[in-house]
Amino acid sequence: MALLITGLDQLLTFKGPAAPRCGRAQGAVGLVKGGAVLSEGGLICAAGPEKEVLRHPLAKKARVIRTKGVAMPAFVDSHTHAVFAEPRLRDFSLRTQGAAYAEIKAKGGGIISSVRAVRRQRPADTAAQLLERAERFLECGTGTVEVKTGYGLDRESELKILYAVKAAAARTRLEMLPTLLSAHAVPPEFGGTKEYLLHIVSKILPEVSANGLAVFADIFCEKGYFSPEESFAYLQACKAAGLIPKIHAEQLSLFGGTLAGAAAGAVSADHLDHAGKREMAAMRRAGTVAALLPASNYFLGLSKYPDARAFIAAGVPVALATDFNPGTSPCWNMQFVLSAACTQMKMTPEEALCAATVNGAAALGASCRLGSLQPGLQADIAVFDASDYRELCYYFGANLNKLTVKKGQVVYQKA
């Protein structure tokens, strides 16, 4: 049945090409005052001024939801680590006492502590936990998330995570795109990066590829983890196996991950706290999206954030994502990310909203179907309790979303 949403104060369509937006184009939101949205069969049929939408032949037969507020595309969260067994509360306590990332790792915390917990967890519990978290994303206006592995770090546990994502995805309306991030860290049972990467490529990647368990492949390129040379070679191997490359780069230092990712054809390079002009130029040439994760910087108490203004000035499309994970960003609400992007990275509200929708979709290679409200695209819609779209970036600490529509179906409605 068709669905018609009317009575809106504002509608953001992000009308434009099915491609990442960069430079000045990232500030265009396609604002319609008094707009409406009509969908059928999971796709947008019309989105624009209410009078025009009501003239569509399907409008008379549609189910009508009349509500005030700001409607826009549902958020596309292109970077999460949503499968983990338990929060890293010990790490959090150490951090409040001044411990740095490397110190926490040396004390048995960090990624490896999450690995131990995931390896202990029963597969059914892993899927059930992810299913519960999926509802929190929908409640906050997110319609699509990328979900990484990386807390298993052996064949059995990495595959357990991917099968858990598959099981949970079959039971929720949240769209989840899985990423193989086995190259997140070297687990204790392996002697070094060379041995472990060989294990991934020979023992994990073949089953992932043969069974279609992941869309993307990612690697953490950083000192003490994986080198740029290793990252490039690994991503090339994953690409040959049918996975789309992504990369964690320049989070802790300027190390060369961005250049390696761009050379490998990465759809996105993520974090990028220490990236400079050379990295930005390489990303622009390669068409790589900059996925910035300011909630992580906030939670870590860092004063340095990625230079979003420089990326935009350099013509690199900027996406925003939560980086939802147990150690450095226990945040699933993209609304907080909008606030952090504006206050800490000096993005305009328009740029931030584009980064959380259109460019989030681009960071997943999904601009052709997600991220904007245009005829023929997926009917993923969020309606917020606001009269002006800038309120989504202005207010923080609460959930303003009151309605989430996924593929034309209401999947969350505030009581």
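Coordinate-derived values only; no laboratory data. The model shown is predicted, which means the values in this text are computed figures rather than measured ones. Cβ sites come from the backbone with ideal geometry, for glycine too, and all protein chains shown count toward neighbours.
Figure the gain on full extension for Ala210 and Lys61 (residue separation times 0.36 nm, minus the Cα-Cα span) and round it to one decimal in nm.
Working: separation 149, 0.36 × 149 = 53.64 nm, distance 4.43 nm.
So the chain would gain 49.2 nm between Ala210 and Lys61.
I'd like the per residue volume of the convex hull spanned by the Cα atoms of the stretch 185-228, given in cubic angstrom. Intermediate values should be presented prior to the final figure.
Details: hull volume 3.5 nm³, N = 44.
Residue-normalised Cα hull volume stands at 79 Å³.
For Leu177, which sequence-distant residues (separation of 5 or more, or a different chain) have an amide H within less than 5 Å of its own amide H, given hydrogens modelled in the peptide plane?
Hits under the 5 Å cutoff: Val145, Glu146, Val147.
Would you mind ranking Met1, Met283, Met176 so that the residue whose beta carbon has the fewest other beta carbons within 10 Å leads the list? Numbers along the way, then the final one.
Details: Met1 11, Met283 27, Met176 21.
Ranked by crowding around the Cβ, least crowded first: Met1, Met176, Met283.
Volume per residue, Å³, of the convex hull around the alpha-carbon atoms of the chain? It would help to have the intermediate numbers written out before the result.
Values: hull volume 52.0 nm³, N = 415.
Cα convex hull per residue, to the nearest whole number: 125 Å³.
Per 0.36 nm of contour for each residue apart, how much would the distance between Arg116 and Gln236 grow if the chain were fully extended, relative to their Cα-Cα spacing? Can you show the working numbers first?
Working: separation 120, 0.36 × 120 = 43.20 nm, distance 2.90 nm.
Computed gain between Arg116 and Gln236 is 40.3 nm.
From the gyration tensor of the Cα coordinates in the stretch 253-317, what semi-axes in whole Å does the equivalent ellipsoid have, largest first, with each one equal to sqrt(5λ)? Mind dumping the intermediate values first?
Values: eigenvalues 77, 29, 20 Å².
For the stretch 253-317, the semi-axes come out at 20, 12, 10 Å.
Expressed as a whole number of Å, what is the distance separating the alpha-carbon centroids of the stretch 105-140 and the stretch 288-358?
Using only Cα atoms to place each centre, the spacing works out to 23 Å.
With Cβ to Cβ distances under 12 Å as the rule, what net charge do the other residues near Phe299 carry (K, R +1; D, E -1)?
On the way: positive: Arg88, Arg95; negative: Asp91, Asp323.
Net charge around Phe299: 0.
Straight-line reach from Lys160: which lysines have Cα under 17 Å away, leaving out those fewer than 8 places along the same chain?
Within the straight-line cut-off, Lys160 pairs with Lys148, Lys203.
Taking the stretch 22-172, how much of its Cα-Cα pair set, in percent, is spaced more than 27 angstrom apart? List each step's numbers first, then the result.
Values: 5412 of 11325 pairs.
Cα-Cα pairs of the stretch 22-172 separated by over 27 Å account for 48 percent.
As a footprinting exposure proxy, order Ser209, Ser329 by other Cβ within 10 Å, with the fewest listed first.
Ser209, Ser329
Estimate the FRET efficiency between Leu302 and Leu89 by the formula 1/(1 + (r/R0)^6), using the beta-carbon distance for r and 22 Å for R0, to the nearest 0.05.
Working: r = 20 Å, r/R0 = 0.91.
So, using R0 = 22 Å, E works out to roughly 0.65.
Using the Cα gyration tensor of the stretch 39-89, with a ≥ b ≥ c the square roots of its eigenvalues, what is the shape: rounded (a/c below 1.5), prolate (a/b larger than b/c) or oblate (neither)?
Numbers: a/c = 3.38, a/b = 2.92, b/c = 1.16.
Prolate shape, in that a/c is at least 1.5 and a/b is the bigger ratio.
Answer rounded, prolate or oblate for the stretch 285-415, using the Cα gyration tensor with square roots of eigenvalues a ≥ b ≥ c: rounded when a/c is under 1.5, else prolate when a/b is larger than b/c, else oblate. Display every interim value, and only then the final one.
Values: a/c = 1.70, a/b = 1.19, b/c = 1.42.
The shape class here is oblate.
Just report the Cα centroid separation between the stretch 165-220 and the stretch 14-62, whole Å.
Going from one Cα centre to the other spans 37 Å.
Run through the stretch 265-345 and list the trypsin sites (Lys or Arg not before Pro) located in a DSSP loop whose Cβ has at most 11 other Cβ atoms within 10 Å.
Numbers: sites: Lys277, Arg278, Arg284, Arg285, Lys304, Arg309; in loops: Lys304.
Within the stretch 265-345, the qualifying trypsin sites (Lys or Arg not before Pro) (loop, at most 11 other Cβ atoms within 10 Å) are Lys304.
For a Förster distance of 45 Å, can you work out the FRET efficiency between the beta-carbons of Lys414 and Glu103, rounded to the nearest 0.05?
On the way: r = 42 Å, r/R0 = 0.94.
Calculated transfer efficiency: 0.60.
Let me know the charge dipole size of the chain about its Cα centre in debye, to the nearest 20, where only the beta-carbon of Lys, Arg (+1) and Asp, Glu (-1) is charged.
Numbers: 46 positive and 36 negative charges, 154 e Å.
Dipole of the chain, to the nearest 20 debye: 740 debye.
Would you mind telling me the antiparallel percentage of the DSSP bridges in the chain, rounded to 5?
Numbers: 26 of 59 bridges.
Restricted to the chain, the bridges split so that about 45 percent are antiparallel.
How high is the relative contact order of the chain? Use alpha-carbon pairs under 8 Å, at least six apart in sequence, and give a whole percent.
Numbers: 1016 pairs, mean separation 91.6, N = 415.
Normalised by residue count, the contact order of the chain is 22 percent.
Counting Lys and Arg as +1 and Asp and Glu as -1, what is the net charge of the other residues whose Cβ lies under 14 Å from the Cβ of Arg21? The partial results should precede the final answer.
On the way: positive: Lys15, Arg24, Arg284; negative: Glu350, Glu351.
It works out to a net charge of +1.
Can you put Thr96, Thr80 in order of Cβ neighbours within 10 angstrom, beginning with the fewest?
Exposure proxy ranking, most exposed first: Thr96, Thr80.
Along the positive direction of the dipole of the chain (beta-carbon charges: Lys, Arg +1; Asp, Glu -1; about the Cα centre), which of Pro87, Thr348, Ile312 reaches farthest?
Thr348
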